[in-house]
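In what follows, a single structure is set out as structure tokens and then discussed.
The values are calculated or read from the model by the stated rules, or taken from the named source; none is laboratory data. A quick note: this is a predicted structure, and the numbers were derived from the prediction, not measured. Cβ sites come from the backbone with ideal geometry, for glycine too, and all protein chains shown count toward neighbours. What goes into the accessible areas is simple: the full protein's heavy atoms, side chains included, and nothing from ligands, DNA or RNA. Shrake-Rupley method; radii C 1.70, N 1.55, O 1.52, S 1.80 Å.
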Amino acid sequence: MLSTKADNTTILIATGEYPPWTSQQIKKNGFVNHVISEAFMRQGYKVDYIYLPWARSYADTESGKYAALSYWACTEKVQPTFYCSDYMHKEAYVFFHEKTLPFPNWETLSDLTGLRIGATRSYTYTKEFWNAYEDRSLNIIINNDDNINFNMLVRGRLDTIVVSTITGLMILNKQFPPKVIQNITFNSHPLVENTAHLLFPKKNKSSLDLLKIFNAGLAKIKQDDTYDKYMDDLIMGGY
């Protein structure tokens, strides 16, 4: 079962709203879905997306209703019922700060004591990071989104903010003038790194074949620099 359609070269994939990665409101359904569509196209397949609340997209795909789920981390939770594709992108959460700040060469979170650290509500980060917030061993200020954190950083109300590298560069390029951007950098030591995957339900007999087809197409667009062009477009706010 490739999809709910009669045409067996069309793949129906469940997804949700999380721009710029995936969204029906933006270019090519977002960066991740653009990558997926192009990878399958290289292998002779067309992709249609159905947008659902995230919990429903997961449950319905797990039950075999859809050919795949875009997109998810390949965690221990998903592995019993899904096959994970090769990764579509890596997301490193790092500390952005002004270049004039003598940012510590940190190894453990305790090395960041004394800094006003901006973070975003409901993000996972790490258990240790949230423990440091709860026990107040670090001065972590929680805001509703990354944009607020960047504005506070630029205004000097925060010393550093933790955000994914790609998201941080995208926000800077879209919302701030060059004179501000040139004064911001990030520490190369990530708080945590995650990878994003296309998930194929083990309940569908076609999933292993589709997994191999997708991985082959993904390898092609990474080898011929198509993937890098999409990534550059993402960072410059093209999605």
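Taking a probe of 1.4 Å, how large is the accessible area per residue of region 148-194, in Å²?
Spelled out: the 1.4 Å probe surface of region 148-194, per residue, equals 48 Å².
Which of these values of Rg and Dmax of the Cα atoms in Å was calculated from the structure shown: (i) 19.6, 61; (ii) 20.4, 72; (iii) 18.7, 58?
Read-out from the structure maps to (i).
If I model a spin label at residue 203 and residue 101 as a point 7 Å from the Cα along the Cα→Cβ vector, what separation in nanometres do I get?
Between residue 203 and residue 101, the label points sit 4.6 nm apart.
Near residue 52, within a Cβ-to-Cβ distance under 15 Å, what is the net charge of the other residues, with Lys and Arg +1 and Asp and Glu -1?
For residues surrounding residue 52, the net value is -2.
So who's got an amide H within less than 5 Å of the one on residue 116, skipping anything under 5 residues away but keeping other chains? H placed 1.01 Å off N, in plane.
159, 160
When the accessible area of region 75-147 is computed with all protein chains present and a 1.4 Å probe, what percentage of it is carbon and sulfur?
46
Hey, what did region 120-165 get for relative contact order, percent, Cα under 8 Å, at least 6 apart?
34
Across region 57-71, in residue order, what do the Karplus-derived ³J(HN,Hα) couplings come to in whole Hz, using 6.51 cos²θ - 1.76 cosθ + 1.60 with θ = phi - 60° and x for Gly and Pro?
With the stated coefficients, region 57-71 comes to 4, 5, 5, 5, 6, 4, 6, x, 5, 10, 6, 6, 10, 10, 9 Hz.
Can you pull out the trypsin sites (Lys or Arg not before Pro) in region 81-167 that DSSP calls coil and that have at most 15 other Cβ atoms within 10 Å?
Hits after loop and neighbour filter: 99, 121, 136, 155, 157.
So what's the projected area for region 149-239, the Cα convex hull averaged over all directions, in nm²?
Computing the convex hull of the Cα atoms and averaging its projections yields 8.3 nm².
Taking only DSSP H segments of four or more residues, each worth -39500 (n - 2.57), what value at 222 nm results for the chain once the sum is divided by all its residues, to the nearest 500 deg cm²/dmol?
Value at 222 nm, helices only, nearest 500: -10000 deg cm²/dmol.
Search the structure for amide H atoms under 5 Å from the amide H of residue 164, placed 1.01 Å from N in the peptide plane, and list their residues when 5 or more places away or on another chain.
94
Could you grab the relative contact order for the chain? Cα pairs under 8 Å, six or more apart, rounded to a whole percent.
30 percent.
Please report, in debye to the nearest 20, how large the charge dipole of the chain is about its Cα centre when each Lys and Arg carries +1 at its beta carbon and each Asp and Glu carries -1 there.
Computed about the Cα centre, the dipole is about 500 debye.
For the chain, give the share of DSSP beta bridges that are antiparallel, in percent and rounded to the nearest 5; count only bridges with both residues there.
In the chain, approximately 55 percent of DSSP beta bridges are antiparallel ones.
Quick query: amide H of residue 89 versus all other amide H atoms, modeled in the peptide plane; which residues come in under 5 Å with a sequence gap of 5 or more or a different chain?
196
Please list, in order along region 213-230, the HN-Hα scalar couplings obtained from phi with the Karplus expression 6.51 cos²θ - 1.76 cosθ + 1.60 (θ = phi - 60°), rounded to whole Hz, x for Gly and Pro.
4, 5, 4, 5, x, 4, 4, 5, 6, 6, 6, 9, 6, 4, 4, 4, 5, 4
Could you size up the charge dipole of region 42-86 around its Cα centre, putting +1 on the beta carbon of Lys and Arg and -1 on that of Asp and Glu, and report it in debye to the nearest 20?
For region 42-86, the charge dipole is close to 120 debye.
Over region 25-95, give the accessible area per residue in Å² for a 1.4 Å probe, as an integer.
44
Can you figure out the FRET efficiency of residue 155 with residue 216, using R₀ = 35 Å and their beta-carbon distance, to the nearest 0.05?
Working from the Cβ atoms, E equals 0.15.
Go through region 189-200 residue by residue and turn each phi into a ³J(HN,Hα) via Karplus (6.51, -1.76, 1.60, θ = phi - 60°); whole Hz please, and just put x for glycine and proline.
Result, ordered by residue: 7, x, 5, 7, 10, 10, 10, 9, 9, 8, 9, 10 Hz.
Hey, got the dipole for region 120-199? About the Cα centre, +1 on K and R Cβ, -1 on D and E Cβ, debye to the nearest 20?
320
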